[in-house]
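Down below is the structure, laid out as structure tokens.
The values are calculated or read from the model by the stated rules, or taken from the named source; none is laboratory data. A quick note: this is a predicted structure, and the numbers were derived from the prediction, not measured. Cβ: placed from backbone, ideal geometry, glycine included. Neighbour counts: every protein chain shown.
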Amino acid sequence: MTKVTIGNTKIGFSEPTFIIAEAGLNHDGKFIQAKELVKMAAKTGADAVKFQIFKSEEFCSENSEYFDLFKNLELSNDEWIELVDLAKDKQIMFTASVFGEKSVNFLDEMGVPVYKIASGDLTHIPLLEYISNKHKPIILSTGTATIGEIDESLNKIYDAGNKKVALMHCISNYPTNYQDTNLKFIQTLKQVFKIPVGFSDHTKGILIPPLAVANGADLIEKHFTINKNLPGPDHQLSLEPKEFKEMVKNIRITESAMGDGIKTLTEEEKQVKELGRRSITAKINIPKGDPITENKIKIVRPGFGIEPKFIDLIVGKIANTDIQKNQTISWKMIC
């Protein structure tokens, strides 16, 4: 399983989950709101804050009913530059989904360390190749895609000389029903492609991301807003700062709870072991020289003496010292 390095952060097996606050379009075209999203995301414990940078003409037909919506959500280049600087100041990574060559080049000029490719562009091979030639890490969402389409797109990226790719399992439904998330597919993608795989979550609430981590997700992306009641397409399925912070906390708890797959005893469990297990113990006084018989012993707690599984080795032995009633029998007491 390969790892991908984004900036100074390694992503992949045994590394901490990379958590992305997906601000997306939740700035609603307002620069002040976009700045607030960066500031609040930095306080949640997220590793990165992600927006969508585009010129509407690059990806949406001017005849589309959605063209004006997207046009009103554009920010200026100067505003994006200021947001990147703000993210640096707040010590949170800035990244964005890109939708055309202009936004790809602009992101590169700003020194942003990773490109995000939206699910809808997974089959946009010319765009994938163009981004790949920047030789920066790529996070590729896979909503609506088949395994074959994912394989084809990855091969195009690899053929362009870029091996720094992470996939995002994603269900392109907003919001996604819990029963549709298919979290086991995360492991399928990891087994097939041997690269980091995350989960881009579109469910409501904070339940699913920690479960995705328990199923092997190396990255988590979750929509983020400063207020769910704001107008706009994504606010209602997004998390507010308090919720996002709680999700991050639960993800970190999940990571620590997963362990390393090796069975070892904690120091606390060693104490419980002695209290919970049993030892071979004298039921009555056994004078020195008397044989040990079954009617003279019992198996009771605590468990710091001879274990019950050795009872056949005890019965028939001779006490080489006086053994008191309720005394735990040790090997040196018998011969």
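For (1) farther than 23 Å from Glu101 by Cβ; (2) in contact with a Pro (Cβ under 9 Å, 6 or more places away or on another chain), each residue gets a yes or a no:
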position	(1), (2)
Met1	yes, yes
Phe13	yes, yes
Lys30	yes, no
Lys39	yes, no
Phe54	no, no
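Exactly one residue out of Ala21, Ala42, Ala48 is of a type in the set (Gly, Ala, Ser) and either surrounded by fewer than 24 Cβ atoms within 10 Å (Cβ to Cβ) or over 20 Å from Ile117 (Cβ atoms) (or both), and it is Ala42. Within the stretch 10-45, count every residue that is touching a His at 6+ places or on another chain (Cβ under 8 Å) and either among the charged types (D, E, K, R) or not in a strand (DSSP E or B) (or both). Of the residues in the stretch 10-45, 5 are touching a His at 6+ places or on another chain (Cβ under 8 Å) and either among the charged types (D, E, K, R) or not in a strand (DSSP E or B) (or both). Listed by position, the helices (runs of 4 or more DSSP H) inside the stretch 216-335 whose residues that are in contact (Cβ under 8 Å) with a residue 40 or more places away in the chain number at least 3 are 241-258. If you filter the stretch 60-87 down to residues that are modelled with pLDDT under 95 and in a helix (DSSP H, G or I), you find that the one that is surrounded by the most Cβ atoms within 10 Å (Cβ to Cβ) is Phe70. With the condition kept exactly as written, say whether any residue in the stretch 107-118 is β-branched (Val, Ile, Thr), more than 22 Å from the chain's Cα centre (by Cα) and in the same structural domain as Glu82 (by TED's automatic domain parsing). Yes, that holds for at least one residue. When you check Gln52 against the structure, is it of a type in the set (S, T, N, Q) and either touching a strand residue (DSSP E or B) at 6+ places or on another chain (Cβ under 8 Å) or not assigned by TED's automatic domain parsing to the domain that holds Phe244 (or both), yes or no? For Gln52, the condition - of a type in the set (S, T, N, Q) and either touching a strand residue (DSSP E or B) at 6+ places or on another chain (Cβ under 8 Å) or not assigned by TED's automatic domain parsing to the domain that holds Phe244 (or both) - is met. Taking Ala46, is it touching a Phe, Trp or Tyr at 6+ places or on another chain (Cβ under 8 Å) and modelled with pLDDT of 95 or more? Spelling it out, Ala46 is indeed touching a Phe, Trp or Tyr at 6+ places or on another chain (Cβ under 8 Å) and modelled with pLDDT of 95 or more.
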